[in-house]
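In what follows, a structure is listed as structure tokens, so that the remarks can point back to it.
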Amino acid sequence: MVARVETEDDIAHMRAAGQLAAGVLEMIGEHVTVGATTEELNALCHDYIVNSIDCVPAPLNYSNGPGQVPFPKSICTSVNHVVCHGIPSPKKALKSGDILNIDVTVIKNGFHGDTSKMFCVGKPSVLADRLVRITQECLYRGIQAVRAGATLGDIGYAIQSHAEAHHFSVVREFCGHGIGRVFHDEPQVVHYGRPNSGMRLEEGMTFTIEPMINAGKRHVKMLPDRWTVVTKDHKLSAQWEHTIMVTASGADVLTQRAEESF
Ligand code: MF3
Ligand code: CO
Ligand code: CO
């Protein structure tokens with residue numbers, strides 16, 4: 001079933017979950033420093049999510065299906081050539097020049113808010129800085145393509161055309177997703193496509209847009225831990241994510257941060 005809000009109450013709950021998730025990213029920013037480990041960032045987020053905002057961290061023990069390994073931490077931390085689903089570790093200390101995605105999903109009153117952003121540690125290279133910026137623009141262009149009556153293909157096209165115009169590539173194996181009471185619901189929101197193709201968007205649909213954009217080729221591989229996804233060519237990858245709700249005239253960005261305006 002496609003995720004959608006049915007009542008004003010659902011909308012209020014989705015907005016609340018989205019804003020709480022956004023607040024975690026706002027809280028953690030000042031802790032992303034040279035020498036910090038990704039496990040320290042996980043511990044800070046876990047404590048904040050559980051004790052300060054009284055939410056459940058959706059990734060903790062999350063599993064994609066029967067027989068899958070449960071995710072062992074409360075956030076995903078994906079550094080440099082890690083595309084997504086990086087597992088926080090006390091062995092992973094951040095160095096100057098690293099780029100890091102922190103992906104936060106919280107559950108409040110049964111509703112999910114899912115959002116991620118890139119952080120630059122110390123001084124990023126010119127390439128890293130450009131990849132991070134263009135990937136954020138890809139997310140924003142995808143969001144701008146949303147309105148009732150548009151299609152999923154319009155979103156994918158907006159993202160893919162911008163990434164490829166800058167000689168970057170779009171990861172195909174992972175996509176955005178319907179979200180609500182269920183973490184990963186229908187529809188699949190792929191980050192490539194053709195205008196006026198695929199599912200037509202309707203008012204009240206709730207889904208994420210979360211483009212993963214690579215500096216090199218699009219191909220990825222899974223590490224033996226069964227979660228960490230890396231670029232095959234070990235070049236940099238970046239990702240930004242928002243949870244949105246489709247409206248008659250556009251998108252309501254439920255996970256908007258104070259630094260953003262739509
Ligand atoms: N937050 C990720 C997403 O955007 C999913 C993480 S699942 C986990 O869909 F188990 F790896 F945490
Ligand atoms: Co998501
Ligand atoms: Co996410």
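The values are calculated or read from the model by the stated rules, or taken from the named source; none is laboratory data. This structure is a prediction, so every number in the text was calculated from the model and none was measured. All Cβ positions, even for glycine, are placed from backbone atoms using ideal geometry, and neighbour counts span all protein chains on display. Ligands, DNA and RNA are stripped out before the accessible areas are found, and what is left, the full protein with its side chains, is counted by its heavy atoms. Shrake-Rupley method; radii C 1.70, N 1.55, O 1.52, S 1.80 Å.
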Going through segment 103-121 one residue at a time, which ones are open to solvent by 10 Å² or more (accessible area, probe 1.4 Å) and part of a loop (DSSP other than H, G, I, E, B)?
-> N109, G110
Unique match (being away from ligand 3 (no atom under 13 Å from the Cβ) and part of a strand (DSSP E or B)) among L127, L100, L131 = L100
Pairs returned, first residue in segment 229-249 that is touching a residue at least 40 places away in the same chain (Cβ under 8 Å) and farther than 15 Å from L100 by Cα, second residue that is open to solvent by less than 10 Å² (accessible area, probe 1.4 Å) and of a type in the set (D, E, K, R), beta-carbon separation under 9 angstrom, 6 or more apart or interchain, are H242/D114; T243/D114
Looking at segment 103-120, which of its residues are touching a Pro at 6+ places or on another chain (Cβ under 7 Å) and either at positive phi or within 10 Å of ligand 3 (Cβ to nearest atom) (or both)?
-> T105
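Would you please name the residue that is most open to solvent (accessible area, probe 1.4 Å), looking only at residues in segment 218-228 that are assigned to a loop (DSSP other than H, G, I, E, B) and under 20 Å from D103 (Cβ atoms)?
R226
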Could you please find all residues in segment 72-97 being of a type in the set (A, V, I, L, M, F, W, C) and in a strand (DSSP E or B)?
-> C76, V79, V82, V83, C84, A93
Just wondering, is there one or more residues in segment 229-238 that are in a strand (DSSP E or B), open to solvent by 90 Å² or more (accessible area, probe 1.4 Å) and over 24 Å from V104 (Cα atoms)?
-> no
